[in-house]
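Okay, so here's the structure we're looking at.
The values are calculated or read from the model by the stated rules, or taken from the named source; none is laboratory data. Computed from a predicted model, the values in this text were never measured in an experiment. Glycine also receives a Cβ, built like all others from the backbone with ideal geometry; neighbour counts cover every protein chain displayed.
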Amino acid sequence: MKCLPVIAVHGGAGHWRTKKSLEGFLKYIEESLMAGMESMLEKNAVEGVLKAVMVLEDSGEFNAGLGSVPNIDGEIEMDAGIMDGSRGDAGAVAAVRYVKNPVLLAYYVLKNTNHVLIVGEGAERLAEQLGLEKMPIRERQRRDPILSSRFWARKEELIGDTVGAVGIDSKCRLAAASSTGGLAGKLKGRVGDTPIPGAGFYADENVAVVATGIGEVITLGALSRQVAEAWQATKRIEIALRLVMNEVNVRYGENTVGLLGVDIYGNVHAEYNTEAMPWGYLRYGENPVIKGLPTRM
Ligand code: ASP
């Protein structure tokens, strides 16, 4: 079976920021799509989504890799995950502080270990052994803690900018990858949805999905996996995403999450209940398409 390669990336669900960042966002989203597609054509879907996310981590414009937001202590703790739908296998890392590209470390967990998720010091030791590039040292910037209530009752805190990518290659293999600095002001050691397979990312032989927004909501709802199940019932990615989003809206309210998915037919769609979720896709042989910008700026 042959498929037309497609890659899609997002830059996080949440409130919109300044116009200056909009230009940066768009530039890097396009760059990420192009680099991801190139890697997918040369290698496969997993390498495509890996490369797409690494471009966004390196841009410093998003809440992932170099642009990660600090926790309550002013420290950076990042999470990332990647899944190969054709093998039903994933790798992920959580609460890593010193790795420049957490998604690359997640990829090595997938490729080189018997595990799915490695956290904190253990993940950092692995990165050291692999000789992965380190984050430049940053000054600590203390943040106001988000302590008084559950995250989804504090939706105004959701700025977004987490990154993720989904793709399908010419051999119809699907893959998903996600990376984040988490929510600004999170407690030290807090891990969101991004490194949890089935929550922040998921891929099988029919769909690849990534989620963004309030990680607690995404994890509790196992949202990426829910989309895969809704796809089984409907065979339509846009309907599957909408069904899951409707459930989120009823249970946790609006301003909470965004979802991006691609299916085996090459259909791509995103749903979000936040002000914005910049995302884009690139089909082989066509120009990139960018969506999800706010209606007012
Ligand atoms: N989902 C991420 C987290 O909760 C944050 C985001 O998507 O903006 O860690």
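Observations, loosely collected:
- Qualifying strands (runs of 3 or more DSSP E) (wholly inside region 1-102; at least 3 residues being touching a helix residue (DSSP H, G or I) at 6+ places or on another chain (Cβ under 7 Å)): 78-84, 89-96
- Taking the criterion of being touching a Leu at 6+ places or on another chain (Cβ under 9 Å), within 13 Å of the ligand (Cβ to nearest atom) and either among the aliphatic types (A, V, I, L, M) or not in a loop (DSSP other than H, G, I, E, B) (or both), the residues of region 192-205 that qualify are I196, A199.
- Of the residues making up region 165-188, those that are within 14 Å of the ligand (Cβ to nearest atom), assigned to a loop (DSSP other than H, G, I, E, B) and touching a helix residue (DSSP H, G or I) at 6+ places or on another chain (Cβ under 8 Å) number 5.
- Leading residue by the ranking (farthest from the ligand (Cβ to nearest atom)) among those in region 119-164 that are under 24 Å from G258 (Cα atoms), among the β-branched types (V, I, T) and at pLDDT 75 or above: V163
- In region 30-60, the residues that are charged (D, E, K, R), without any contact (Cβ under 8 Å) to a residue 60 or more places away in the chain and either touching a strand residue (DSSP E or B) at 6+ places or on another chain (Cβ under 8 Å) or buried (at least 17 other Cβ atoms within 10 Å of the Cβ) (or both): E31, E47, K51, D58
- Residues of region 6-27 that are more than 16 Å from the ligand (Cβ to nearest atom) and surrounded by fewer than 24 Cβ atoms within 10 Å (Cβ to Cβ): T18, K19, K20, L22, E23, G24, L26, K27.
- Residue within region 220-238 that is in a strand (DSSP E or B), touching a residue at least 40 places away in the same chain (Cβ under 8 Å) and of a type outside the set (F, W, Y) present: no
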